[in-house]
Amino acid sequence: MGFSKFSWTSFLLIVLGLCVVNGQPLVPALFIFGDSVFDVGNNNYIYTIVKANFPPYGRDYVTHKPTGRFCNGKLASDFTAENLGFTSYPLPYLSKKARGKHLLIGANFASGGSGYYEPTAKLYVSTTDYHTIPLSKQLEFYKEYQKKLVGIAGKANASTIISGSIYFVSGGSSDFVQNYYIDPLVYKVYTPDQFSDILIQSYAKFIQDLYGLGARKIGVSTLPPIGCLPAAITLFGDDSNNCVAKMNKAAISFNNKLNATSINLQNKLSGLNLVVLDIYQPLHDLVTKPTDYGFFEARKACCGTGLVETSILCNSESVGTCANASEYVFWDGVHPSEAANKVLSDDLLVNGIALVS
């Protein structure tokens, strides 16, 4: 009798648990780059309207306070850190607490609203300093981090941490949902296929730059089914409650290119372990078969009306916010709930086990 998906995940958790010796994580540190899927509070420290450092965000987090995570609680990356044996999470790099020994377990450079397409991070700006952190700047912060790490741990130990750690990257959702499908200066110039080519070129350059800085174990997440996000259905669904087919088609096409490009990069760059982490299928399963996973609602999010609210539109005055977010696949119009993130993190574990070697 073969393993079911859930028993296999449980088996892996047991094995990983047995491998965590003397309370030490399975890898030295975690480094996290990307968008709001992974942002744990960097946007709290910059001039941007793309924030989540106010209620009801964070209401189900350990502290029951908003942290800057675009969620009611933990992110998939938080659960993944726990699965790897970490008892605390890499801090947002821009936090004042991200210094000294706290940097030994890595750092989080992700910024909500950013993407592979550099201009995406500069949407909705009023000044040149009023935007989110593009990947190029996140990489600059990482270079700065490396210098600090050498000062804390010494050159030899820093080199071991850098090469032995896991790097997570997430991007593309904001590029499509908040940029391409909204800005006529983009969608009238490029087809979705042409736009995804631009994103892939940026992705390939980022991975090569990260590799050049010593990263060897990199996990990159695919695009989710962006056409199934509550806000996407509301804005682009033509009064339908169904996922927006053209957007999901664009996501699938992008993911295919991401897989092919990642294979090429791994073949090209000696010693690189590059793993594509599929979140498209597991999230699509949650949306189309929510009751199979213990969820009640997948079309509407928990916050407010559940149709479009995210970031500043999801606030303490949002009327209709649900009492039990664990019944909802989505917390706000774009981001999964903590309960959904737990399911997604289990899939990340299955896909990303190859990074722990």
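Observations on the structure shown:
- Between region 87-166 and region 311-344, the Cα center-to-center distance that results, in Å: 27
- Taking every full run of DSSP H in the chain, the ones that stretch at least 27 Å from end to end by Cα along their long axis and average -0.5 or higher on the Kyte-Doolittle scale are 192-212.
- Estimated purely from DSSP H runs of n ≥ 4, each contributing -39500 (n - 2.57), the mean residue ellipticity at 222 nm for the chain is -12000 deg cm²/dmol once divided by its residues.
- Annotation: Cα Rg of region 201-248 relative to the compact-globule expectation 2.2 N^0.38 Å equals 1.73.
- Net charge of neighbours whose Cβ lies under 12 Å from the Cβ of Leu272, counting Lys and Arg as +1 and Asp and Glu as -1: +3
- Estimated distance in nm for a label pair at Lys155 and Asn242, the labels positioned 7 Å out from Cα along Cα-to-Cβ: 6.3
- Kirkwood Rh in Å, taken over all unlike Cα pairs in region 64-128: 13.9
- Descending principal axes extents, region 257-350, alpha-carbon based, whole Å: 53, 31, 18
- Sequence-separation-based contact order of the chain, relative, with Cα cut under 8 Å and 6+ spacing, percent: 19
- Burial ranking of peptide ranges 133-139, 330-336, 268-274, 253-259 (average Cβ count within 10 Å, highest at the top): 330-336, 133-139, 253-259, 268-274
- Tail beyond 25 Å, pair distance distribution of region 24-355 (Cα, percent): 48
- Fewest neighbouring Cβ atoms within 10 Å first, the residues Ile263, Ile218 line up as Ile263, Ile218.
- Considering only region 24-355, percent of DSSP beta bridges that pair antiparallel, nearest 5: 5
- Radius 11 Å from Cβ of Asn83, net charge of other residues (Lys, Arg +1; Asp, Glu -1): -2
- Gain on full extension, evaluated as 0.36 nm per residue between Ala354 and Ser136 minus their Cα-Cα distance, stands at 75.8 nm.
- Computed lengthening from Phe54 to Ser270, 0.36 nm per intervening residue step minus Cα-Cα distance: 73.3 nm
- The dipole here belongs to region 24-355: it is taken about the Cα centre, uses +1 on the Cβ of Lys and Arg and -1 on the Cβ of Asp and Glu, and is about 1200 debye.
- Arranged from fewest to most other beta-carbon atoms within 10 Å of their beta carbon, Cys243, Cys228, Cys303 become Cys243, Cys228, Cys303.
- Charge tally for Leu199 (other residues, Cβ to Cβ under 13 Å; Lys, Arg +1; Asp, Glu -1): -3.
We did not get these values from a lab; they are worked out from the coordinates using the rules stated. Model, not experiment: these values are computed from the prediction. Using ideal geometry, Cβ is built from the backbone for each residue, glycine included, and neighbour counts are taken over all protein chains shown.
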